[in-house]
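Read the structure below first, then the notes.
Only the coordinates and a few stated rules stand behind these numbers; no lab work does. Here the structure is a predicted model, which means the values were calculated and not measured.
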């Protein structure tokens with residue numbers, strides 16, 4: 001996997017965590033019912049779990065240090 005691909009995956013993971021952190025913070029500032037909060041907290045937990053998975057895939061598939069061309073290795 002090229003370094004650019006790794007960077008893209010890690011950026012997506014960070015963005016996902018950031019967006020859900022802001023949403024959850026705002027979720028408790030406003031007056032929402034229990035059902036709305038429960039559903040969105042579950043969605044947040046699942047999305048953050050996927051973000052962790054994305055980060056781990058990017059870390060395991062990180063390009064070797066000598067790979068300057070960004071070639072894909074299998």
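How long are the semi-axes of the equivalent ellipsoid of the range 3-60, taking √(5λ) for every eigenvalue λ of the Cα gyration tensor, in whole Å from largest down? Could you put the intermediate results ahead of the total?
Numbers: eigenvalues 155, 24, 6 Å².
Output for the range 3-60: semi-axes of 28, 11, 5 Å.
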Relative contact order [Cα under 8 Å, 6+ residues apart], the range 3-60, whole percent
61 percent
